[in-house]
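S.K.: For reference, the structure I am asking about is given below.
The values are calculated or read from the model by the stated rules, or taken from the named source; none is laboratory data. Small disclaimer: the values here were computed from a predicted structure and weren't measured. No Cβ is skipped: glycine too gets one built from the backbone with ideal geometry, and neighbour counts run over all protein chains shown. The protein model used for the area step is the full one, side chains on, heavy atoms only, and it has no ligands, DNA or RNA in it. Shrake-Rupley method; radii C 1.70, N 1.55, O 1.52, S 1.80 Å.
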Amino acid sequence: MRCDWSRADYVWTTVLDEERKRRQGETDLLVVLEGAGGKRLALHIENKQPGRSFEEGQARQYRLRADKLAGTPKYGNYTSARTVLVAPEQLRN
């Protein structure tokens with residue numbers, strides 16, 4: 001696989017949560033990798049800063065955003081996605 005596309009500025013979208021409430025959020029870093037046959041995999045990465053904490057439902061909202069943006073040329077036109085939440089050690093509890 002090779003990195004075909006990336007973006008770290010304002011990857012913002014609105015999704016509906018399980019209760020059909022509108023939730024806005026931003027992906028800190030979006031990387032699109034292209035493999036054999038042209039398949040494109042997106043990594044939606046949340047980089048939680050020290051002193052900040054994860055919000056309730058944040059992991060699920062990342063998944064919903066990744067699914068919503070699939071196939072969008074503005075965001076790398078990917079066909080599948082994974083979400084990654086990165087945080088300082090003190091947030092692992």
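S.K.: Across segment 33-77, which residue is surrounded by the most Cβ atoms within 10 Å (Cβ to Cβ) among those that are within 19 Å of Arg2 (Cα to Cα) and touching a helix residue (DSSP H, G or I) at 6+ places or on another chain (Cβ under 8 Å)?
M.R.: Among those that are within 19 Å of Arg2 (Cα to Cα) and touching a helix residue (DSSP H, G or I) at 6+ places or on another chain (Cβ under 8 Å), it is Ala42.
S.K.: Could you please give the count of residues in segment 20-47 that are closer than 13 Å to Ala8 by Cβ and in contact with a Cys (Cβ under 9 Å, 6 or more places away or on another chain)? Lay out the reasoning, then the answer.
M.R.: The initial filter retains those residues of segment 20-47 that are closer than 13 Å to Ala8 by Cβ, namely 26-32, 43-47.
Next, from what is left, pick out any that are in contact with a Cys (Cβ under 9 Å, 6 or more places away or on another chain): 31-32.
Going through segment 20-47 one residue at a time, the tally reaches 2.
S.K.: Another question about this same structure. Can you tell me which residue within segment 14-24, out of those that are touching a residue at least 12 places away in the same chain (Cβ under 8 Å) and in contact with a strand residue (DSSP E or B) (Cβ under 7 Å, 6 or more places away or on another chain), is most open to solvent (accessible area, probe 1.4 Å)?
M.R.: If we filter segment 14-24 for residues that are touching a residue at least 12 places away in the same chain (Cβ under 8 Å), which is where we start, we get 15-18, 23-24.
Keeping just the survivors that are in contact with a strand residue (DSSP E or B) (Cβ under 7 Å, 6 or more places away or on another chain) gives 15-17, 23-24.
Working: Val15: 11, Leu16: 74, Asp17: 21, Arg23: 85, Gln24: 117 Å².
Restricting to residues being touching a residue at least 12 places away in the same chain (Cβ under 8 Å) and in contact with a strand residue (DSSP E or B) (Cβ under 7 Å, 6 or more places away or on another chain), the top hit is Gln24.
S.K.: Continuing with this model, one more query. Could you please let me know if Arg7 is in contact with a Ser or Thr (Cβ under 7 Å, 6 or more places away or on another chain) and either in contact (Cβ under 8 Å) with a residue 60 or more places away in the chain or surrounded by 10 or more Cβ atoms within 10 Å (Cβ to Cβ) (or both)? If you could, list the steps in order and put the result at the bottom.
M.R.: Working: in contact with a Ser or Thr (Cβ under 7 Å, 6 or more places away or on another chain): no; either in contact (Cβ under 8 Å) with a residue 60 or more places away in the chain or surrounded by 10 or more Cβ atoms within 10 Å (Cβ to Cβ) (or both): yes.
Taking the combined requirement at face value, the residue does not satisfy it.
S.K.: I've got another one for you. Note down all Cβ pairs under 6 Å where the first residue falls in segment 70-91 and is in contact (Cβ under 8 Å) with a residue 40 or more places away in the chain and polar (S, T, N, Q), the second is part of a loop (DSSP other than H, G, I, E, B) and surrounded by fewer than 16 Cβ atoms within 10 Å (Cβ to Cβ), and they're at least six residues apart or on different chains.
M.R.: These pairs meet every condition: Thr79/Lys39.
S.K.: For the chain, which fully contained strands (runs of 3 or more DSSP E) count at least 1 residues that are more than 12 Å from the chain's Cα centre (by Cα)?
M.R.: It comes to 2-7, 11-16, 22-27, 29-34, 40-47.
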